Every structure is written in structure tokens, then in C-alpha cells.
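Structure record follows, encoded as C-alpha cells.
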Amino acid sequence: MRILLGLTYYRPHYSGLTIYTERLARALTRNGHQVTVLTSRFHPDLASHEIQDGVEIIRPRVMARVSKGVLMPGLPIAALRLARRADVVHLHLPQLDAALISLIARGMGKPVVLTYHCDLRLPPGMVHAVANQVSHLANHVSARLAQVIVTNTRDYAEHSSFLKRYLHKVRVIPPPVELPVPSPAEIEAFCKKYAILPDQCVIGMAARLATEKGVEYLIEALPKVIERHPNTRVLFVGQYQDVLGEEQYAAKLAPLIQNLGAHWSFLGVIPPVELAAFFRTCCVTVLPSINGTESFGMVQIESMMSGTPVVAADLPGVRHPVMSTGMGKIVPPRDSRALAQALIEVLDEPERFRSSSTQITRRYASETVAEAYQTLYQELAGSHGAN
């Protein structure tokens with residue numbers, strides 16, 4: 001099949017949405033499908049057209065930015081050309097351009113699938129307020145035109161103010177998770193590189209340094225954890241510098257993190273093998289997200305695949321991995337005291353929260369997820385051709 005995937009940001013932008021789409025695109029390509037990604041040239045150094053891992057990437061030029069959204073004058077022409085040759089158009093929301101692409105695709109008689117990753121909530125301010133409203137309207141237009149809306153969990157769909165209007169269209173497909181199995185030598189090299197001592201209680205967090213991740217609540221929880229486990233150290237993996245739209249948030253947290261001294265280390269974006277070693281090295285990982293912009297948290301599955309328990313916020317979708325596996329604790333969002341207590345409980349008795357990772361690995365494998373999407377694409381293409 002010829003599949004057109006649309007989203008605002010793709011690699012090298014780093015986020016859960018881009019990782020999800022990249023994994024899906026590669027898995028579909030390995031299965032013999034022709035996959036094209038229509039995205040933005042959000043940085044002028046990026047190529048307007050290239051092929052990565054067999055996936056064709058088309059990036060129209062960005063003329064201007066509106067909050068975290070982009071304006072691309074060349075997108076309508078590119079969408080017309082690419083939708084015409086596609087068998088199915090698959091868009092990833094939130095995406096400002098999804099409404100236009102959906103209209104173009106449906107006008108050509110092409111089936112449209114949406115994957116709704118999360119609600120969009122921008123910071124206060126006039127520009128952000130306008131962007132929120134425009135994005136909200138675009139999402140509704142896209143949802144009405146789409147035949148199917150995919151989400152990670154039913155839990156999130158039923159609690160999302162947006163998705164609960166379209167539950168009759170919702171289909172649950174879990175996100176694709178890939179993680180190599182590190183060798184003992186690779187784990188040892190990771191620990192040596194980042195000076196991780198054998199007796200340290202390592203708390204891991206893998207995310208962008210972004211407001212919705214609730215990093216400040218982990219910072220606030222740490223003194224209590226350190227009181228119980230003095231050798232506690234947080235390893236923060238992911239982009240923490242120059243995160244788009246999060247400059248003020250990073251500046252606010254900087255002095256608080258500095259006060260923690262050797263108890264906090266930023267590792268930045270690390271290679272897959274190092275990431276796998278990171279999860280194996282951690283005693284527990286944490287996802288203290290604060291709102292509906294976080295709908296699942298694939299890092300939880302990566303942690304559980306490595307045998308490492310998780311402490312996550314009690315948010316729709318986010319709580320699903322812990323609740324379905326028992327591998328960790330859930331805590332109220334924005335509650336640093338409860339977060340500290342949960343971390344202490346897991347660090348005190350980690351074996352209570354460990355389980356077999358085999359079923360988790362199989363359920364969330366990229367190949368499993370790609371097969372679910374293939375079935376959906378074929379179903380829609382078949383029924384569309386019959387009409």
C-alpha cells in the first residue's frame with residue numbers, strides 16, 4: 001500500500017509523537033509498504049526531500065511560526081500531489097494542517113485515519129490562546145472527516161474533552177516501543193561513562209524538559225527521598241536545552257536543579273544502546289506529568305521492558321501501563337509529597353514491583369503495532385473501494 005503520514009514535526013525533532021511516527025513508518029516500510037511523511041522544514045538546514053530507512057520525507061518550507069505551530073505556504077500543493085498517489089492518508093494530531101490535508105484527501109476519495117496523541121494546551125497569552133482555538137477547530141474538522149481515530153488507550157479517549165465526542169470512531173492501538181537489549185559490557189560502559197556508582201539509587205526520567213512533564217514535582221520530592229536514601233541520584237535523559245517554547249520553564253528550574261548538586265545529572269539525548277542501558281541501570285523511573293498533553297508515556301513501557309518499575313501520575317492514559325502490569329505506583333499529579341512517598345516505597349522494596357517483561361515486549365513491538373495499522377488501512381481501503 002501507499003501510505004501518506006502527516007505530522008508537524010518529524011526527526012530530528014525529538015518528542016514522543018515523532019518517535020511514535022518514525023517507528024511506525026519504518027515498520028510499515030519493512031513490511032513492504034511505500035511510506036511518505038509530510039512534515040515541516042522547521043529548521044532551514046533540513047532537506048526539503050530525503051529518504052531515511054526507506055521512508056520518503058517531504059518538508060515544505062516554514063514561512064512563520066504561531067506558538068508551536070508553523071505556517072507552510074507550500075503545504076497545500078505538496079498535500080495535493082502526495083494524497084493523489086496515496087491509498088490511505090494517516091494524520092497525527094495535534095496538527096494545525098490536519099484539517100486542510102483531511103479536506104484534500106476526502107475530496108480525492110481517499111480514506112483518512114487520525115492518530116490522536118494528546119490534547120494541546122499552550123501557555124497563557126493572547127497568541128497562545130488564538131493558536132489553541134485554531135488548533136481546536138482544526139482538530140474537530142479533521143475528526144469529522146476521518147473514518148477512524150486511533151488512540152493509545154480507551155481510558156484516555158473517555159476522559160479527553162475532545163475524543164469523547166467521537167468515541168464511535170475510536171479504535172485502540174497501543175504505541176510502538178523499541179528498545180535493544182544491552183549486553184553486560186554495554187551496561188558497564190554506560191555506568192563508567194556517566195560515573196554511576198554501584199551503591200547509587202538511580203531514579204530515571206526520560207523526557208523533554210517541558211512544562212507538561214512536571215519536572216518541578218520531582219525536584220520538590222527529592223529532598224524527602226534523599227533523606228531516606230542518601231545515595232539517590234536522578235538521571236534525566238532527553239532534550240533539556242533549547243526545547244522549543246520551553247525557555248522560560250527551563251530558566252525557572254535551573255537554580256532549583258543546581259541546588260541539588262550531584263543528586264541530579266542531565267545526560268541529554270543518548271543513543272538507543274545507551275538508553276537501554278539507562279533503563280537497566282535505574283532502580284525506578286518516574287513520569288510526573290501534570291495534564292492531558294501527556295496521554296500515555298512510551299518511556300514507561302521501555303522501563304518495564306527492562307524490568308524497571310515506574311512511578312507515574314494518575315492521569316487518564318498515563319496510569320494505564322502501571323495499572324495493567326502492576327509494575328509500579330501511580331500518584332496524584334502535582335503532588336510532590338505523594339511522589340516522594342511512592343519513590344521511597346519502590347526503592348525500599350523494588351522486587352514487589354517487578355514482573356515478566358516478555359508479554360509487554362510482544363504487545364508493544366513495532367511489528368505488532370504496524371500489523372494492527374495494516375489491518376485498519378486494508379479495511380478502510382476495501383470498504384472505500386466498494387462505495
* Of 201, 191, how do they rank once you tally other Cβ atoms within 10 Å and put the fewest first? -> 191, 201
* Asked: How long are the semi-axes of the ellipsoid equivalent to region 184-363, from square roots of 5 times the Cα gyration tensor eigenvalues, in whole Å, largest first?
  -> 21, 20, 17
* Asked: Reachable aspartates and glutamates from residue 192, Cα under 14 Å, same-chain residues fewer than 8 places away excluded?
  -> 274
* Structure fact -> Computed, not fitted: 222 nm per-residue ellipticity of the chain from DSSP H runs ≥ 4 (each -39500 (n - 2.57)), nearest 500, equal to -13000 deg cm²/dmol
* To do: Arrange the peptides 363-376, 256-269 so that the one whose residues have, on average, the most other Cβ atoms within 10 Å appears first.
  => 363-376, 256-269
* Asked: Among bridges DSSP assigns within the chain, what percent are antiparallel (round to 5)?
  -> 15 percent
* Structure fact -> Going from the fewest other Cβ atoms within 10 Å to the most, one would list 137, 46, 7 as 137, 46, 7
* Would you mind telling me which residue in 27, 189, 277 has the biggest mean-square fluctuation in a Gaussian network model of the chain, where springs connect alpha carbons within a distance under 10 angstrom? => 189
* Nearest 10 degrees, 0 to 90: what angle lies between the long axis of helix 16-30 and the longest principal axis of the chain (Cα atoms)? -> 60 degrees
* Given the pairs 164/329; 213/252; 224/329; 252/329, which are separated by over 22 angstrom at their Cα positions? -> 164/329; 252/329
* Asked: Taking springs between alpha-carbon atoms closer than 10 angstrom, which of 111, 76, 333 fluctuates most in the Gaussian network model of the chain?
  -> 76
* Please report 354, 319 as a ranked list, fewest other C-beta atoms within 10 angstrom at the top and most at the bottom. => 354, 319
* Taking Cα atoms, how many degrees apart are the long axis of helix 336-348 and the longest axis of the chain, rounded to 10 and kept between 0 and 90? -> 70 degrees
* To do: Sort out for me the Cα centre separation of region 335-377 from region 40-93, rounded to whole Å.
  => 33 Å
* To do: With only Lys, Arg, Asp and Glu charged, each at its Cβ (+1 for the first two, -1 for the last two), find how big the charge dipole of the chain is about the Cα centre; round to the nearest 20 debye.
  => 1100 debye
* Taking the chain as a Gaussian network, Cα atoms linked when under 10 Å apart, which of 230, 271, 332 shows the biggest mean-square fluctuation? -> 271
* Asked: Across the Cα atoms of the chain, what radius of gyration and what greatest pairwise Cα-Cα distance (Dmax) are found, in Å?
  -> 21.0, 67
* Qualifying lysines (Cα of each under 19 Å from Cα of residue 169; at least 8 residues distant if same chain) -> 110
* Asked: Relative to the first principal axis of the alpha-carbon coordinates of the chain, what is the inclination of helix 215-228, with its axis defined by its Cα atoms, in degrees from 0 to 90 and to the nearest 10?
  -> 20 degrees
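The numbers here are math on the coordinates, done by the rules we state, and not lab data. Since we're looking at a predicted model, the values are computed, not measured. Heads up, the Cβs are rebuilt from the backbone with ideal geometry, glycines too, and the neighbour counts pull from every protein chain shown.
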